[in-house]
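Before any comments, here is the structure.
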Amino acid sequence: MEERPGHLTGPAADSTADPRAGLDRRAELSEFLRTRRARLKPEDVGLPDYGRHRRVPGLRREELAQLAGVSVAYYTRLEQGNGRNVSAEVLDAIARALRLSDAEHAHLTHLAKPKKHKKKSATRTEQVRPVLRQLLDSIDGVPAYITGRRSDILAWNAMAAAVFGDWAELPAQERNWARLVFLRPAYRELFVEWDQKASDIVAFLRMDAGCHPDDPRLSALVGELSVKSEEFRRLWATHDVKEKSYGVKRLRHPLVGELTLNFESFRLTDGTEQSLITYHSEPGSPSAQALRLLASWGADATRAGTSASA
């Protein structure tokens, strides 16, 4: 009998779990495969649907195994979390059968064939290179900041403070996008499409968890948010994953009203797993005028923007 897909694992499922234990990689692999299989219908992958009653949504294990060209027993062991000795070729075949995105494919590989990380790296405080701080300060008129592991906000420029609030007023532990989005009501007002922002943040954390399932700080963050936010619990249970990329964000600023900004994410190649995020507006648009106005106000705009992080 198959387990119900989508239930929580790790500290997200049990608020009494020891956050130092990290996330259960085998349970994460099992749930990820179940949820990806559950979203597919036979007709989606060219299989006949005879209308038979299905106890669970989506493809059956035997159907997925058939599509991937592996035995049912082999796939069942993998979906039960036993990814030992699985080859890259088999993972590729399963990813194709499940129609995984590039990010999902990478996540599956991280869970099934985890890389070894230094034990101290998970607890070490992340540092931003001084030259990158200088770069942020030199970017005029464009909100920009650097994020690290677990959606931590590590450094930012004056325009980012004017738009998103002065994060310097917050304790270092609170400078984290997941905590801001789910635990601070003002950010629900700041993001016009708050639901999409929340979904993206959880998907980023899932990718991080796949790469670093033994990270105690990430496990503690997931546990805290699961206890304090029903929306986080629901989104975490979907097992959706996503890489930072680019797009459009609409903000509702307390001083200049609605802003429509294009954002770009640049993954740094210095081995830190940090990203530079920039926001810019269309030339000549009302949003461009609003950003110029915020820039001209300088510290006054920063103090007003702080209301978002208060």
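Quick notes on this structure:
- Volume per residue that the Cα convex hull of the range 126-190 spans, once the total is divided by residue count, Å³: 81 Å³
- A simple spin-label model places the labels of L268 and E62 5.3 nm from each other, with each point 7 Å out along Cα-to-Cβ.
- Carbon and sulfur %, accessible surface of the range 69-150 computed with the full protein complex present, 1.4 Å: 51 percent
- Among the chymotrypsin sites (Phe, Trp or Tyr not before Pro) in the range 196-294, none sits in a DSSP loop with a Cβ that has at most 15 other Cβ atoms within 10 Å.
- The range 235-278 - percent of accessible surface contributed by carbon and sulfur, probe 1.4 Å: 51 percent
- Hypothetical label at S245: residues of the range 196-210 whose amide nitrogen lies under 17 Å (7 Å Cα-Cβ projection): 196-208
- Stretching the chain fully between L47 and D195 yields a gain of 49.9 nm (0.36 nm per residue, less the alpha carbon separation).
- Accessible area per residue in Å² at 1.4 Å probe, computed on the range 65-173: 53 Å²
- Approximate spin-label separation A172-T260, in nm, with each point projected 7 Å along Cα-to-Cβ: 4.0 nm
- Here's the list of aspartates and glutamates a cross-link from K41 could span, going by alpha-carbon distance under 12 Å and ignoring same-chain residues fewer than 8 apart: D49, E63.
- Nearby aspartates and glutamates by direct alpha-carbon distance to K113 (threshold 13 angstrom, same-chain neighbours under 8 apart not counted): E28, E89, D92
- Length gained when the stretch E89-R129 is fully extended (0.36 nm per residue, less Cα-Cα span): 10.6 nm
- Added length on full extension, which subtracts the Cα-Cα distance from 0.36 nm per residue, R234 to A295: 18.1 nm
- Förster-model FRET efficiency, 30 Å R0, A186 and R39, C-beta, rounded to 0.05: 0.35
- For the range 163-261, fraction of C-alpha pairs farther apart than 24 Å, in %: 23 percent
The values are calculated or read from the model by the stated rules, or taken from the named source; none is laboratory data. What you see is a predicted model, and the numbers here were worked out from it, not measured in a lab. Cβ atoms come from the backbone with ideal geometry, glycine included; neighbour counts cover every protein chain shown. Quick note on the areas: whole protein, heavy atoms, side chains included, nothing else; ligands and nucleic acids left out. Shrake-Rupley method; radii C 1.70, N 1.55, O 1.52, S 1.80 Å.
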